[in-house]
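See structure below.
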Amino acid sequence: MTSSLFRGRPRHATAHIRVRVAHALVGAVAGAGWLALPVLAAQEPATASPDRTARAAPAIPAAPRDDESSAVDLILPVAVLGTAGAVAAYGYVRRGRRASGAASSAPAAPTPAESDRRARAALVEADDSVRASEEELPFAAALLDERALAPFRHAVHTARTELSAAFALWHRYEEGEPRDLGDRGQTLAGVVGRCAEAGRVLDARAGELDRLRWAEVGPALGVAEGAFRRLTARAAGARATVADLGERYGPAAGARAAGCAEEAMDRLVFATARLNEARRAADSGERGRAVRQLRAAEGSVAQAGILVAGADRTARRLREAAALVPAALTGAEAVLTRARATDTPVPSGADDTLAAVRAELTAGPYDPLDALRRITRALVRLPGARSGVLDTAAELVARAALGEAEDFVAVHRGAVGTDPRSLLAAAVRTLAAPHPVEAAVLARRALELAERDVRAHGLPESGTEGTTGAVLGGVLLGAEPDGGPPVAFGGPETRRRFRTG
């Protein structure tokens, strides 16, 4: 079994060590041979067959010359051994210097603060890439059959899965787990690795989608213009709906839908200008410029669609909530009665919350989604609060909060940081648990932080009408007078590919 020390050593370094050891052994063997020669020479007369003449001759004492010869014989092997030792020592010192030099030239490990910043940046970049890729797919679907589109749908699904895993790791890290400093560093490395894989999957398909989509600009331009016309009609209807919501459910409820409708019109104004530019470029044969302008228009149309759908969804859920509030109040009061009958502690303030909601229901107008939120939160820890009408109410509130936060992040992603996105991902996981009341709390917090990020970011200067919203929404990447290049399907390596044209 190989020790951990040698598993961590480069193979060429190990080979050099073996060569030096071999040299030292050869020197040692040679030295031992030289040392043995005088001994063998001294023993040879006693072991060899004696000469008859020598047997008859008298013994003669050894001459002093023989001592001098023995001394010379000893000098050579000692010199060889010394040389071999010197070679081995030189090799050891030289290897130590190389290791020291390699260690000094290696990049320093990132500090915890640097690792934290890298993970945050990777999460935002990967989330933006996935969102932009998802927004482009409907335009591609209008031009390609489902078989041709399948690899791109699969890529987005894979990237979304990797991103979800990265956000789960990050949320655990933010909650203080793991506690060991080394393990926390590994967690951040895992976050960055997951985000990199999400981007790689999208980058691998970006060029192929471009070849299929932009072989001819005309058909893609026709698809975008058709989507723009249909959405313009829907946006006009959404503005009429907003006025009705304000009268029926109060200014707070109507304000959410009104904000969606206004931003949708801003995106459509920007799309109008870019579609006109794309048409002129296509007619004059400027393909690169036409693609750039068209892709910007598509991104803005996609975000206008999110905003219009958000206004419509808000109106629908307000109606559903209004129909549910009376039954939810009755169910909540029954839960409190059963709790008292069984000596179960009742949360403080629960009776006051129910009384306030009943008063609002009688007086009107009121926000029914907010009423359901307060009812379900007041009773969340009591037995029976997760059954029947109260469970339905909690689910409706959670989905409404998630939808509102998701839409806001999607159309303001140019300014929204890591924390709101992480909380939004945590809300999705919590709702699936299922824990709808807790999910609604996380989603509302995500929305609050996202709104704070947008306020802190401020509004970028724009050279053309609607460009400010497009940069704020991440439709354009900024840094140029016209708002910069548009985003497209792909990861970090390909997202700026339309920066010219």
Per-residue SASA entry for Ser348, accessible area with 1.4 Å probe, Å² rounded to 10: 120
Which order, highest average first, do 179-192, 217-230, 155-168, 290-303 follow once you tally other Cβ atoms within 10 Å for each residue and take the mean per peptide? 290-303, 155-168, 217-230, 179-192
For Thr187, what charge total do you get from the other residues with a beta carbon under 12 Å from its beta carbon, if Lys and Arg give +1 and Asp and Glu give -1? -2
Qualifying GluC sites (Glu not before Pro) in the stretch 164-198, DSSP loop, other Cβ atoms within 10 Å at most 13: Glu175
Hypothetical label at Arg118: residues of the stretch 164-208 whose amide nitrogen lies under 14 Å (7 Å Cα-Cβ projection): 184-197
Rounded accessible area of Arg289 (nearest 10 Å², 1.4 Å probe): 70
Between the stretch 243-287 and the stretch 167-220, the Cα center-to-center distance that results, in Å: 30
Measuring from centroid to centroid over Cα atoms, what is the spacing of the stretch 347-380 and the stretch 389-463 in Å? 22
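Kindly give the semi-axes, whole Å and largest first, of the ellipsoid equivalent to the stretch 159-213, taking each as the square root of 5 times a Cα gyration tensor eigenvalue.
31, 10, 5
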Over the stretch 320-457, average the accessible area per residue using a 1.4 Å probe and give it in Å², no decimals. 44
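For the stretch 111-213, what is the accessible area per residue in Å² when the probe is 1.4 Å?
Roughly 49 Å² per residue, with all protein chains present.
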Computed label-point distance, nm, for sites Ser387 and Arg229 using a 7 Å Cα→Cβ extension: 5.6
Tally up the carbon and sulfur contribution to the accessible surface of the stretch 363-501 as a whole percent, 1.4 Å probe, everything protein left in place. 52
Set the Förster radius R0 to 30 Å, insert the Cβ-Cβ distance between Asp244 and Ser284 as r into 1/(1 + (r/R0)^6), and round the FRET efficiency to 0.05. 0.05
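The values are calculated or read from the model by the stated rules, or taken from the named source; none is laboratory data. In this text, all values refer to a predicted model and were calculated from it rather than measured experimentally. Note that each Cβ is placed from the backbone with ideal geometry, even for glycine, and that neighbours are counted across all protein chains shown. For the accessible areas, the whole protein counts, side chains as well, though only heavy atoms, and no ligand, DNA or RNA atoms are used. Shrake-Rupley method; radii C 1.70, N 1.55, O 1.52, S 1.80 Å.
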